1. Can you report the number of residues in the stretch A:55-96 which are in contact with a His (Cβ under 9 Å, 6 or more places away or on another chain) and touching a residue at least 40 places away in the same chain (Cβ under 8 Å)?
2. Kindly check whether there is at least one residue in the stretch B:119-135 that is among the charged types (D, E, K, R) and either modelled with pLDDT of 75 or more or under 12 Å from the mean Cα position of the chain (by Cα) (or both).
3. Which one of A:SER15, A:SER25 is within 26 Å of B:THR169 (Cα to Cα), loosely packed, with under 13 Cβ neighbours inside 10 Å, at the interface with chain B (Cβ under 9 Å from one of its Cβ atoms) and at pLDDT below 90?
4. Under 6 Å by Cβ, and 6 or more places apart or on different chains, what pairs join a residue from the stretch B:86-103 that is closer than 20 Å to B:THR169 by Cα with one that is modelled with pLDDT of 90 or more and polar (S, T, N, Q)?
5. Considering each residue of the stretch B:42-93, count those that are over 26 Å from B:VAL111 (Cα atoms) and either of a type in the set (Ser, Thr, Tyr) or within 14 Å of the chain's Cα centre (by Cα) (or both), and give that number.
6. For the structure I just gave you, tell me whether B:ASP93 is touching a helix residue (DSSP H, G or I) at 6+ places or on another chain (Cβ under 6 Å), acidic (Asp, Glu) and assigned to a strand (DSSP E or B).
7. Within the stretch A:32-96, considering only strands (runs of 3 or more DSSP E) that don't extend past its boundaries, which have at least 2 residues that are out of contact with any Ser or Thr (no Cβ under 9 Å at 6 or more places or on another chain) and more than 25 Å from B:ASP167 (Cα to Cα)?
8. Out of all the residues in the stretch B:140-152, which are among the aliphatic types (A, V, I, L, M) and facing chain A (nearest Cβ under 7 Å)?
Amino acid sequence: MAEPPMYLQTNYAFSVNSRREQTGSEDAGETRRVSTVVVALIPEYHQVKVRDGDGHLYALTRKTQGVDLAALHEGQQVVCTVTRKLPRVLTATAVV
Amino acid sequence: MPNFSDWREGDIILVHRSPNAIGYAIQASQAASLSAVTRAGCICSHAAIYIGGGMVVDATFGVGVSTQSVWNYCQTRAIQVRRLSDPAIPIADIANISVFAQQHDGEPYSVIQAIISKLFPGTVPIPDALYCSTLVGLVVADATGVDLSSDPAHQPLHPGTLAAHPDLTDVLLEWRNL
């Protein structure tokens, strides 16, 4: 008997990371302040990319408080308050 | 075909490499990455955003950003579904990943940018020259504020990086007969 096509033989579900969806709470309020520099203006996606001294990138978005994205320029210094667990910038202040 | 009932709008779809030279080349380049995360997921060669109804938005060579059926991928290639699910991220923001992705329909794809990003790991995404993972990363950041390429080990984003990204969780895939 002819074998069925391979895609019918195999369950293609797979994972390279065993972490599963979490249901518990976390320290959402834990933040830190970082000094960053603007490295890219991406108005098409309503964001500005900034990088800290360790090479971490952060996205300033239209939801980021304290900063006008349109007023930033590449090379400008920005102090950000970011969440520790997920890299989200909550507030940002441009250094004049 | 997949049971879409467990999928949510804004889920990230990772597609196993295609069985051709391009697929093997992408896998090989990711396997050679300095990033252990990207190496761990190197079997994946494409990333897309699920927008509901069995449809995804993705950036593909020769087409650019477009909407198509996930069935175009999963009938011949393995897929993985991953999700940004964290209590700190509002559900509405995650749903916006799908909404915002569709707003970029028609934007171009760039092979050059994909190559440059592999040669220069610190490269920042260029909207005029997207590839699949760039689209996913920019749209996720726009909708949720989360930069999936924040950690230097995740720069630049590749499909393999998203496949093993520690901030994303796996969605169990169930399959049903046609």
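1. Residues flagged as in contact with a His (Cβ under 9 Å, 6 or more places away or on another chain) and touching a residue at least 40 places away in the same chain (Cβ under 8 Å) within the stretch A:55-96 amount to 1.
2. No, that holds for no residue.
3. Only one candidate qualifies: A:SER25.
4. B:ILE89/B:THR144; B:ASP93/B:THR144
5. Qualifying residue count, the stretch B:42-93: 3.
6. no
7. none
8. Matches in the stretch B:140-152: B:ALA141, B:VAL146.
The values are calculated or read from the model by the stated rules, or taken from the named source; none is laboratory data. In this text, all values refer to a predicted model and were calculated from it rather than measured experimentally. All Cβ positions, glycine included, derive from the backbone under ideal geometry; neighbour counts span all protein chains shown.
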